[in-house]
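Scroll down for the structure; my scribbles are underneath it.
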Amino acid sequence: MSYYTVLGLDKEPFSSSPDPGFFYESQEHHAALVRLMIGIRLKRGLSVLLGDVGTGKTTLSRKLFRLLKARDDIEFHMILDPTDDTEELFLDSLIRTFKITIPNEQPSVLDFKEAIKNYLFKTGVEEKKTVVLLVDESQKLNTLSLEILRVLLNYETNEYKLLQLIVMGQLELLPRIREMKNLWDRISLKYVLNPLDEEETRKMIDFRLQHAGYTSGPSFFTEDAVKEIYNYTQGYPRRISMICHNALQELVMKSKPVVDANIVRELIAREVK
């Protein structure tokens, strides 16, 4: 029997998977999501969303995908691990992502580029759809790949960009983009996700418990426990989820009614060793 079943929950509340159903919208996450949606709707082109490891970028991307995937007027695509070393390999990954068919069995780089250009004009102008490409873990993009994405942003009508590009990555990407002036100037939205504050940490914990099926009485976590969790995690959602997951397991093993500060301190002491 799973630990969460013992606690009367329907699901695991603090899974490390980026489940959009458990996405807690802090003020910053909500603002980022709204601005991304506006940028897509207005077809502004390039949006850059940066943040440290564990701030919730990937989960936010899944939330955006869920919001847009059902719309008939949007073609939404994602690249989750852009580690292609060469121009040809990255173009090939774009072709596969866009599901473009190339009749030539051994296409050249020019064939790839022409096929992507035709796809964007056909989908964006003839079919009047919005093409969205979200690239996660964008700090892994090399200079050649960034240059290819810059070129794709050149495809436009007199009124709008044909590709809505969302680049999500760690902060180390920022100086590299700054150095590429012709790419930096094309950014319509720059947003940096910061960690949660203490109040939002409490709200995130309660939100996840409720979405896992918890409905009876006070939270499993005391106020002092939340303070300890916040001080240790500094408000990073991924770290919060990990320590809360371990705390609930400890709760079951020790047959205690709530997670108090002592349980959290014991867990932290183990992790620090």
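Throughout, read-outs are computed from the coordinates displayed, never taken from laboratory work. None of these values were measured; they are calculated from a predicted model. Quick reminder, even Gly has a Cβ in these numbers, built from the backbone with ideal geometry, and neighbours come from all protein chains shown.
Of note:
- Across the stretch 27-193, C-alpha contacts under 8 Å between residues 6 or more apart give a mean separation that, scaled by the residue count, equals a relative contact order of 40 percent.
- Placing unit charges on each Cβ (+1 for Lys and Arg, -1 for Asp and Glu) gives the stretch 27-193 a dipole about its Cα centre, and among Asn154, Leu67, Met168 the Cα reaching farthest toward its positive end belongs to Leu67.
- Interchain or long-range residues, amide H under 5 Å from Leu196's placed H: Tyr236
- In the chain, the calculated helix contribution to ellipticity at 222 nm averages -15000 deg cm²/dmol per residue, counting -39,500 (n - 2.57) for every DSSP H run with n ≥ 4.
- Hz values of 3J(HN,Hα) by residue in the stretch 53-58 - Karplus curve (6.51, -1.76, 1.60), Gly and Pro given as x: 4, x, 8, x, 5, 5
- Using the Karplus relation 6.51 cos²θ - 1.76 cosθ + 1.60 with θ = phi - 60°, the per-residue 3J(HN,Hα) values for the stretch 42-50 come to 8, 6, 7, x, 9, 10, 10, 10, 10 Hz, with x marking Gly and Pro.
- Length gained on full extension, Ala261 to Lys181, computed as 0.36 nm times the residue gap minus the Cα-Cα distance: 23.8 nm.
- Among the listed values (i) 1.18; (ii) 0.99; (iii) 0.91, the one matching Cα Rg over 2.2 N^0.38 Å as calculated from this structure is (i).
- 3J(HN,Hα) along the stretch 91-105: 4, 5, 5, 5, 4, 5, 5, 7, 6, 8, 9, 10, x, 5, 6 Hz, from the Karplus curve 6.51 cos²θ - 1.76 cosθ + 1.60 with θ = phi - 60°, whole Hz, x for Gly and Pro.
- Relative exposure of Asp10, Asp136, judged by other C-beta atoms within 10 Å (fewest first): Asp10, Asp136
- With a threshold of 18 Å on the Cα-Cα distance, the entries Lys57/Lys140; Lys203/Lys227; Lys69/Lys99; Lys99/Lys129; Lys69/Lys128 are all at or under it.
- Backbone amide hydrogens, once placed in the peptide plane, bring Met78 within less than 5 Å of Leu134, excluding anything fewer than 5 places away on its chain.
- Extension gain (nm, one decimal) between Gln106 and Ser15, 0.36 nm per residue minus Cα-Cα: 28.4 nm
- Set of aspartates and glutamates with alpha-carbon distance to Lys122 below 17 Å, sequence-local pairs under 8 removed: Asp72, Asp73, Glu75, Asp111, Glu114, Glu156, Glu159
- From least to most packed, judged by other beta carbons within 10 angstrom and beginning with the fewest, Lys117, Lys99, Lys43 follow the order Lys99, Lys117, Lys43.
- Test item: Cα-centred dipole of the stretch 27-193, Lys/Arg +1 and Asp/Glu -1 on Cβ, debye: 820
- Simple Cβ-charge dipole of the stretch 196-272, Lys/Arg +1 and Asp/Glu -1, about Cα centre, in debye nearest 20: 280
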